[in-house]
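Input: a single structure, listed below in structure tokens.
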């Protein structure tokens, strides 16, 4: 996994969204990555007012652009935030839902940092149009910064399903949080367990299947950790049986994790399913920052 070379943070300048800017500064300082801070002005919204503003519309747009550029520049050059990092500032006139992914792709960003709440077009990042573009369509990893971002991450929880993206999740977590202790979690179900019960298979036999599945999963976790370059003291491994979302959220609280790392499995032909249901639910319900890593295999081709 190559190191993060270019961070790209999007903010609407609201206090909540500035957590993403701060986290970007912290990661850039730790990794030496180039850092761009972006604000999308949303001037498309002035369209309905064009008739009312008449000839003054371009002047109003220019003043708004200059004002927001100055505000973003003040944020980007604030010594209390910058941690010694010099950030590039970008302000565009378009709507955030389109401008953010377009500009990030054009800049060749390795990682996009956004906040979960804000004002204007970035208010509902998790369920709104910007999130849809970034988390469903982007081939770039996205970090949703929910908390103040000045200090390095202390502990990263990485739920893995042993898909091709699992190793990438670990390596990217190590890149942006090199000081964090890693918790690897796998949640499993015994295949066809409900059918086994219906068929009259004894509970003792089902528990034996579960125990065997747990042993196999622990061995796979240790092998995955070794392939990703983790030493024994770098991580702990956990295997649980049952509902994945419940176990992930419980483990997050139990181990006081401040970073969650999960994959976005872009392997389904239906775009709305590109962000897996478990990832989507955890993103909505967790308290930690969340790194959504793109599956390196990418989306499957459409069926003929």
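Please treat every number below as a calculation from the coordinates, not as lab data. Here the structure is a predicted model, which is why all the values come from computation and not from measurement. Neighbour counts run over all protein chains shown; Cβ positions are idealised from the backbone, glycine included.
Some notes on this structure:
- For 240, 59, the sequence from fewest to most other C-beta atoms within 10 Å is 59, 240.
- Relative protection proxy for 100-111, 210-221, from highest mean packing down: 100-111, 210-221 (other beta-carbon atoms within 10 angstrom).
- Simple label model, 7 Å out from Cα along Cβ direction - residue 189 to residue 93, nm: 5.2 nm
- With the simple model of a label 7 Å out from the Cα in the direction of the Cβ, residue 223 to residue 77 spans 5.6 nm.
- Compared with the direct C-alpha span, the chain from residue 236 to residue 181 gains 19.0 nm at full extension, assuming 0.36 nm per residue.
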